[in-house]
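Below: the structure, in structure tokens.
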Amino acid sequence: MIRLNGIARTFLVGGEEVHALRDVDLEITHGEYLSIMGPSGSGKSTLLNIVGLLDRPDAGSYELDGRKVTALNDDELARVRREKIGFVFQFFHLVPRLTAVQNIELPMVLAGIDPAERRRRLDRLLAEYGLEARAGHRPDQLSGGQCQRVAIARAMSMGPTVILADEPTGNLDRHTGQEVLSVLERVHQNGGTVIIVTHDPEIGARSHRRLRMLDGAIVGDERG
Amino acid sequence: MRVADVLQFAWQVLRGSVSRTLLILLAMGIGVAAVVVVTALGEGARLYVANQFGSLGSNLIIVLPGRSETAGAMPGVLIGKTPRDMTLEDALALKRSHAIRRFAPLIVGAGDVRAGGRSRETPVLGSTADLMDIRHMEVAQGSFLPRVDPRHSQPVCVVGAKVANELFGSRSALGEWVRIGDRRFRVIGILSAQGQSLGFNTDEIVIVPLAAAQALFNTEALFRILVEAKSREQISAAQSDVEDIMRLRHEGERDVTVITQDAVLATFDRILRALTLTVASIAAISLAVAGILIMNVMLIAVTQRRREIGLLKALGATGPQIRLLFFTEAMLLALGGAAAGLAVGQLGSNVAVQMYPTIPFQAPWWALIAAPAIAMFTAVLFTLAPARRAAQLDPVQALSRR
Ligand SMILES: Nc1ncnc2c1ncn2[C@@H]1O[C@H](COP(=O)(O)OP(=O)(O)O)[C@@H](O)[C@H]1O
Ligand SMILES: [Mg+2]
């Protein structure tokens with residue numbers, strides 16, 4: 001369902017070209033649990049952003065659920081992103097003035113889903129991610145682990161094709177990291193596709209498919 | 001996005017930064033209130049002048065000695081020669097015109113009016129019986145000046161309500177004698193309280209027959225001739241009749257000024273309208289300043305809320321949605337500011353009315369519409385750039401810590 005062919009992404013930094021991705025081919029099927037590892041600056045985030053339609057490749061083609069998305073304009077991309085992609089970030093990126101439940105609701109609000117349906121989904125999400133008692137709290141009243149659970153619930157609210165998590169445990173202590181990871185694994189167990197960028201070899205070991213990146217290229221792809 | 005959600009989102013943003021919101025509301029409010037108050041003052045002055053002229057009399061033509069170069073306006077200072085006096089005979093000659101219903105020659109002086117032990121200095125008007133109808137005066141007690149040959153003096157007078165009260169207290173003034181200068185007059189009428197009317201407070205005057213005033217002030221020269229045309233349509237005919245008759249009597253010389261109430265009123269009206277518009281535009285500049293403030297605050301917001309905007313995009317917000325959110329925020333600010341400004345402006349107008357009850361201070365309808373409209377317009381205009389910038393923000397950059 002995700003098919004990348006010859007994807008390249010080059011940045012200009014101070015007049016010099018930085019090849020963040022060079023000629024990447026990648027196929028990911030539905031329901032995979034995949035980790036991406038590699039040294040800092042090897043292009044992991046760039047790859048994730050392109051898969052998440054936040055960034056456009058300079059070359060290559062990208063097919064998502066059978067649809068060529070490289071040709072779409074920004075607003076079309078936004079709509080596809082809304083329907084099919086769920087992001088989880090290292091720094092949570094919750095809106096500080098909104099409560100947990102309002103943060104979770106945000107993608108559905110942007111999609112114009114009617115309030116009754118939103119309510120229904122919110123109840124389910126709050127229960128699923130153990131956030132019922134925290135629904136009315138603002139991010140500054142939540143622990144890091146709770147924040148990340150809110151972020152995962154938000155990512156799941158539109159029933160996406162794939163969850164993209166960029167170092168989701170990078171900002172959490174070990175114990176909380178484990179807890180968040182198990183939440184993401186539950187998404188996978190429920191049939192979701194999960195892609196995690198991580199530095200933690202232990203997390204890598206738990207995933208079912210491991211990509212290794214180096215200098216903008218995929219240098220390893222092992223399963224099992 | 002649903003309208004209710006857009007509004008709620010913008011509302012939460014505004015509530016999230018109270019001081020910023022209050023600052024903009026204040027700026028917007030001051031701008032709108034300034035426009036409302038300023039136009040209320042201007043319009044009040046204009047209506048006041050119009051009312052004053054209305055109370056002066058209808059279809060009124062005023063003849064005054066001296067030639068003014070600017071017809072229609074107040075007589076200017078004469079260059080060089082002193083004008084020939086206007087006399088009672090000049091006034092009586094106006095009877096020849098068919099466009100004139102009636103006229104009243106007028107002499108004005110100040111006189112020391114005494115009755116019993118009391119005395120006071122008041123303006124003394126010398127005129128004829130027709131003055132009452134021309135100036136729309138009303139007599140509360142007794143009668144106005146008798147309808148007799150104006151060349152003959154009679155020792156009678158009509159006094160204003162306040163004068164009567166001051167000289168005679170609660171006693172009835174009617175039939176009493178007063179002294180003006182070295183002459184005695186019998187009070188035959190008391191004017192109803194009418195108040196101020198363009199320079200003269202009819203409550204504080206004494207009116208005597210024209211011939212009596214001529215003797216009292218030792219002059220033949222008339223201060224004015226008040227002329228009432230037969231109808232509104234006849235005003236210009238009456239005006240040219242007056243000019244012709246006067247020229248004929250003054251050896252072909254045009255040495256009187258004939259002004260019509262309409263012309264004077266129109267001039268005042270023009271001046272006051274222009275003045276109101278000018279000060280209103282100056283006040284409107286403060287709205288533009290508020291608009292620039294909104295722009296700055298919004299630009300800062302785009303920078304401060306970079307991550308939030310990036311996040312919204314990552315969650316699937318389109319460019320138009322981001323713009324809509326910013327515009328809604330600006331519109332809410334403008335609406336709030338306009339509402340507050342209108343309220344404060346109306347309050348200011350009411351206070352002005354309390355202080356000067358005779359002047360109808362009320363912002364004209366166009367200002368009540370234009371001020372909020374300009375507020376909205378500037379808010380939207382000055383949000384264009386920030387909203388555009390926000391919509392174009394690269395989400396990857398916005399979300400990264402760099
Ligand atoms: N927006 C950008 N502008 C310039 N250079 C960038 C940008 N994003 C990434 N890069 C560069 O591209 C390379 C890959 O970055 P990234 O994908 O963030 O690596 P990783 O996530 O593996 O640490 C790095 O050299 C980085 O400096
Ligand atoms: Mg990275």
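The values are calculated or read from the model by the stated rules, or taken from the named source; none is laboratory data. In this text, all values refer to a predicted model and were calculated from it rather than measured experimentally. A quick note on method: Cβ atoms are made from the backbone with ideal geometry, for glycine too, and the neighbour counts reach across all protein chains shown. Ligands, DNA and RNA are excluded from the accessible area calculation, which covers all protein heavy atoms including side chains. Shrake-Rupley method; radii C 1.70, N 1.55, O 1.52, S 1.80 Å.
Tabulated data for the structure shown
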| quantity | calculated |
| --- | --- |
| Top-ranked residue in region A:7-33 [being within 16 Å of ligand 2 (Cβ to nearest atom) and of a type in the set (A, V, I, L, M, F, W, C); ranked as farthest from the chain's Cα centre (by Cα)] | A:Val13 |
| Complete set of residues in region A:25-45 that are near ligand 1 (Cβ under 6 Å from one of its atoms) and out of contact with any Leu (no Cβ under 9 Å at 6 or more places or on another chain) | A:Ser40, A:Gly41, A:Ser45 |
| Within region B:1-52, tally of residues that are open to solvent by 50 Å² or more (accessible area, probe 1.4 Å), within 14 Å of chain A (Cβ to nearest Cβ) and either of a type outside the set (S, T, N, Q) or closer than 21 Å to B:Met355 by Cβ (or both) | 9 |
| Region B:369-388: number of residues that are open to solvent by 60 Å² or more (accessible area, probe 1.4 Å) and under 34 Å from the mean Cα position of the chain (by Cα) | 3 |
| Residue list for region A:193-218, filter: open to solvent by 20 Å² or more (accessible area, probe 1.4 Å) and either away from ligand 2 (no atom under 16 Å from the Cβ) or not hydrophobic (A, V, I, L, M, F, W, C) (or both) | A:His199, A:Asp200, A:Pro201, A:Glu202, A:Ala205, A:Arg206, A:His208, A:Arg210, A:Arg212, A:Asp215 |
| Restricting region A:109-124 to residues that are under 22 Å from B:Glu308 (Cα atoms) and in a helix (DSSP H, G or I), the residue that is farthest from the chain's Cα centre (by Cα) | A:Arg118 |
| Residue tally, condition within 14 Å of another protein chain (Cβ to nearest Cβ), of a type outside the set (Lys, Arg), part of a helix (DSSP H, G or I) and more than 16 Å from ligand 2 (Cβ to nearest atom), over region B:363-402 | 3 |
| Residues satisfying the stated conditions in region A:159-182, i.e. open to solvent by 10 Å² or more (accessible area, probe 1.4 Å), under 23 Å from A:Asn49 (Cα atoms) and not small (Gly, Ala, Ser) | A:Pro160, A:Thr161, A:Asp166, A:Glu167, A:Thr169, A:Asn171, A:Leu172 |
| Residues located in region A:88-98, provided they are open to solvent by less than 10 Å² (accessible area, probe 1.4 Å), facing another protein chain (nearest Cβ under 7 Å) and either aromatic (Phe, Trp, Tyr) or not in a loop (DSSP other than H, G, I, E, B) (or both) | none |
| Qualifying residue in region B:287-294 (condition: touching a residue at least 60 places away in the same chain (Cβ under 8 Å) and touching a Lys or Arg at 6+ places or on another chain (Cβ under 9 Å)) | no |
| Helices (runs of 4 or more DSSP H) wholly inside region B:131-223 containing at least 3 residues that are in contact with a Cys (Cβ under 6 Å, 6 or more places away or on another chain) and open to solvent by less than 50 Å² (accessible area, probe 1.4 Å) | none |
| Search result, residues across region B:200-251 that are more than 30 Å from B:Glu166 (Cα to Cα) and among the acidic types (Asp, Glu) | B:Glu220, B:Glu228, B:Glu233, B:Asp241, B:Glu243, B:Asp244, B:Glu251 |
| Cβ pairs under 6 Å, 6+ apart, first in region B:308-320 and facing chain A (nearest Cβ under 7 Å) and β-branched (Val, Ile, Thr), second open to solvent by 10 Å² or more (accessible area, probe 1.4 Å) and assigned to a helix (DSSP H, G or I) | B:Thr318/A:Asp75 |
| Residue selected from region A:99-115 under the condition touching a residue at least 40 places away in the same chain (Cβ under 8 Å) and more than 7 Å from every other protein chain (Cβ to nearest Cβ), by the criterion farthest from A:Pro139 (Cα to Cα) | A:Met108 |
| Among the residues listed as A:Leu64, A:Leu53, A:Leu4, the single one being free of Cβ contacts under 8 Å to residues at least 40 places away in the same chain, more than 16 Å from ligand 2 (Cβ to nearest atom), closer than 29 Å to A:Gly170 by Cα and not basic (Lys, Arg) | A:Leu53 |
| Enumeration of residues in region B:99-129 that are free of Cβ contacts under 8 Å to residues at least 40 places away in the same chain and either aromatic (Phe, Trp, Tyr) or part of a loop (DSSP other than H, G, I, E, B) (or both) | B:Gly117, B:Ala129 |
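Conditions (1) closer than 17 Å to B:Ala387 by Cα; (2) modelled with pLDDT of 85 or more; (3) open to solvent by less than 20 Å² (accessible area, probe 1.4 Å), marked per residue:
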| site | (1), (2), (3) |
| --- | --- |
| B:Ser286 | no, no, no |
| B:Val302 | yes, yes, yes |
| B:Arg305 | yes, yes, no |
| B:Leu312 | yes, yes, yes |
| B:Arg323 | yes, yes, no |
| B:Glu329 | yes, yes, yes |
| B:Leu333 | yes, yes, yes |
| B:Gly336 | no, yes, no |
